[in-house]
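Here's the structure, in structure tokens; my notes come after.
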Amino acid sequence: MCLASGDAANSRRYEIEYKRQMRSHPTNIITAMLEMLAVFGSACKDVETLDGLSKIASDRGKWVEGHSLFQDIRQKTLRAEKRGDPLAMAQYAFEEICAKTLYNLSGSAAPFDADSAFWVVPLGVALGRELGFDDPSQVTALLKM
């Protein structure tokens, strides 16, 4: 369904329905996230927050913990930016978006940007490129042709 740019009421209804669907059936993004976390867990040097994300993603009751884990990852991101480390910046950008997505899927108050889940795979592919993966399907089976 395409919406006319001036149709704010329909746009809002579409957004509400999308969020409801994502909260009730998040398995595809969680499956892709867990797959990428496993790939990166064996390819990255810093696995502390990757492991934390895997534990949280594996238990729907813990998704709300994504908010506090995001805060920890954000501190890592700022340090990586300060030292100009492109691999670490790619890793933490991926981790941040995973933490935001998990928190949003928990249905808790004050969610992060609604499009967070959309960025999990693209940022995972970007991290894969930084790690030397030539084919995006090496990062997630969602991209196998």
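The values are calculated or read from the model by the stated rules, or taken from the named source; none is laboratory data. From a predicted model like this one, the values you see are computed outputs, not experimental measurements. Because the Cβ atoms are built from the backbone with ideal geometry, glycine has one as well, and the counts that use them run over all protein chains shown. Accessible surface is based on the protein model in full, side chains and every heavy atom, while ligands, DNA and RNA are left aside. Shrake-Rupley method; radii C 1.70, N 1.55, O 1.52, S 1.80 Å.
State which residue is modelled with the lowest pLDDT when the search covers only the range 131-143 and only residues that are open to solvent by less than 70 Å² (accessible area, probe 1.4 Å) and part of a helix (DSSP H, G or I).
This residue is LEU143.
Take the residues of the range 99-115 that are closer than 20 Å to LEU37 by Cα and of a type in the set (Gly, Ala, Ser): which is most open to solvent (accessible area, probe 1.4 Å)?
Filtering first and then ranking leaves SER106.
Can you confirm whether the range 102-122 contains a residue that is within 24 Å of ARG60 (Cβ to Cβ) and in contact with a Cys (Cβ under 7 Å, 6 or more places away or on another chain)?
Taking every residue of the range 102-122 in turn, at least one turns out to be within 24 Å of ARG60 (Cβ to Cβ) and in contact with a Cys (Cβ under 7 Å, 6 or more places away or on another chain).
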